[in-house]
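Every number in this text was worked out from the coordinates using simple rules, so none of it is lab data. What you see is a predicted model; the values in this text were computed from it and never measured. All Cβ positions, even for glycine, are placed from backbone atoms using ideal geometry, and neighbour counts span all protein chains on display.
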Ligand code: ADP
């Protein structure tokens, strides 16, 4: 059978360069696709932080990563900007990259069935394919999938910069680049993409609304027939309580007692009462409005008056640092507030906690709930985006569910969900079964990659995708 040929284009790919979730996706998905028999290659800019000789590297078994080189544009410390803001020449940098991707395909003799573009930095690829390369036989069968990881960043530039894209002014119109007088790269990319995805099925619906659409809901509505959501995965090799060297005691479903050794060790480390019976509620989060911290603030007093321990790890907005510091001072006996980024402590908290709070206002995909499952920690989440798609209310009678959820963005509903969880926690026959069942769930990249593969096949076989 002829292998499907996919080129994944991204502005960051772990382990070479990463500022967020996109880097993880672009580093993990190709490896999982390779295992499914796809001829997948990856292309990214060669930033200053890429410590590779030459213009190629390999990830997975034999996934080639091509680097687009340009010292002036990419040999800088940061990827998109410095402390003064975005780099002034980002439009040129990523226009150069997008053209470079297509030229590189030709140079390597790699005729992709699918170019999988990610976020605004790659949005010019479908536009160039349908304009400058429209009659280029090399790409006559190439289709484009465009994945939105973060709709809030669209690649907006002043109208004056338009000529740098190298296309006729004809395309600076409301159907394509023009967006309230500015140039919007993502908008144009979406118009020309053969199919569009975002990082969860629920978020794919949410972005069609004014509340979540960031001004592009109309454009996305036009693409609704080719829009879908595929949940990201997590790296099951990295997040694995059986082999995690950062936690005091490794454990699995069959040695679950050791999870509670981790709990006692963390209680000791953080100066909390050492008692495995007290439910430990963990939270690891960017401290940003998106994460539902205002709801938590409203119920803190009530929550901490219960017999629970609350462990927070996070950094972000100063107002939340002040809030949590105050909380730590007032409830020092059963609260541990850690206002920093600390990957090791994060792993210990995932392993030690009984419950994990994610009351987000919005969450395109969310990884913390998947990591929690892996460590047998039960998430309490708001039903939004990827949280809604991965966490379902626990109902032992019906034999369903893997966590505790609430829908309306209300503090009393969050508190009610926590109380439901705590009631089950006390039930010694039900709780261990729930913990074991979530550890057996599959949120690995393998599952996501299989969905992407199905979609690639649909797009490449169909003139009218989906
Ligand atoms: P987002 O990408 O919106 O921040 P996600 O849930 O998708 O949210 O991913 C956040 C990831 O970052 C999780 O793996 C979480 O454990 C980790 N994380 C967040 N804050 C911290 C922190 N202060 N220290 C260590 N890890 C953190």
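Helical content of the chain, expressed as a calculated mean residue ellipticity at 222 nm, amounts to -11000 deg cm²/dmol (DSSP H runs of 4 or more residues, -39,500 (n - 2.57) each, divided by residue number, nearest 500).
For segment 189-233, the residues whose backbone nitrogen is under 20 Å from a point 7 Å from the Cα of residue 18, taken along Cα to Cβ, are 199-200, 231-233.
Across segment 156-269, Cα pairs under 8 Å and at least six residues apart give a relative contact order of 16 percent.
A simple packing score, the average count of other Cβ atoms within 10 Å per residue, orders the peptides 446-458, 75-87 as 446-458, 75-87, with the highest score first.
The residue 240 and residue 276 beta-carbon pair, evaluated with R₀ = 30 Å, returns a calculated FRET efficiency of approximately 0.85.
Taking the Kirkwood radius as the inverse of the mean 1/r across Cα pairs, report the Rg/Rh of segment 358-466. Radius of gyration relative to Kirkwood radius: 1.08. The length gained on full extension between residue 141 and residue 224, counted as 0.36 nm times the residue separation minus their Cα-Cα distance, comes to 27.6 nm.
Each residue, residue 71 and residue 446, gets one label point 7 Å from its Cα in the Cβ direction; the gap between the two is 4.6 nm.
With N set to the residue count of the chain, report its C-alpha Rg divided by 2.2 N^0.38 Å to two decimal places.
1.03
Taking Cα atoms only, the orientation of helix 90-108 departs from the longest principal axis of the chain by about 70 degrees. Of the peptides 166-173, 118-125, the order by per-residue mean of other Cβ atoms within 10 Å, starting with the highest, comes out as 118-125, 166-173. Looking at segment 253-439, the DSSP beta bridges with both ends there are about 5 percent antiparallel. Full extension of the chain segment joining residue 158 with residue 170 gains 2.7 nm, where the gain is 0.36 nm per residue of separation less the Cα-Cα distance.
Using a cutoff of 8 angstrom between alpha carbon atoms and counting only pairs six or more residues apart, the relative contact order for segment 45-90 works out to 42 percent.
Per residue, the convex hull spanned by the Cα atoms of segment 116-172 measures out at 86 cubic angstrom.
For a footprinting-style exposure proxy, rank 413, 116 by other Cβ within 10 Å, fewest first. Each step should come with its number before you reach the end.
Details: 413 17, 116 29.
Final ranking by Cβ density, sparse to dense: 413, 116.
Take the Cα of residue 211, go 7 Å toward its beta carbon, and the backbone nitrogen atoms of segment 377-395 under 16 Å from that spot belong to 382-389.
When 1/r is averaged over all different Cα pairs and the result inverted, which Kirkwood radius in Å belongs to segment 1-107?
14.3 Å
When DSSP beta bridges are restricted to pairs lying wholly in the chain, around 20% turn out antiparallel.
Computed across segment 253-439, the Kirkwood radius stands at 16.3 Å (inverse of mean 1/r, all Cα pairs).
Between the beta carbons of residue 458 and residue 318, assuming R0 = 56 Å, the FRET efficiency works out to 0.75 to the nearest 0.05.
Any idea what % of Cα-Cα pairs in segment 170-244 are farther than 13 Å? Tail of P(r) above 13 Å: 70 percent of Cα pairs.
Relative contact order for segment 194-327: 16 percent, from Cα pairs under 8 Å spaced at least 6 residues apart, divided by residue count. By the count of other C-beta atoms within 10 Å, a proxy for reagent exposure, 428, 237, 46 are ordered fewest to most as 428, 237, 46.
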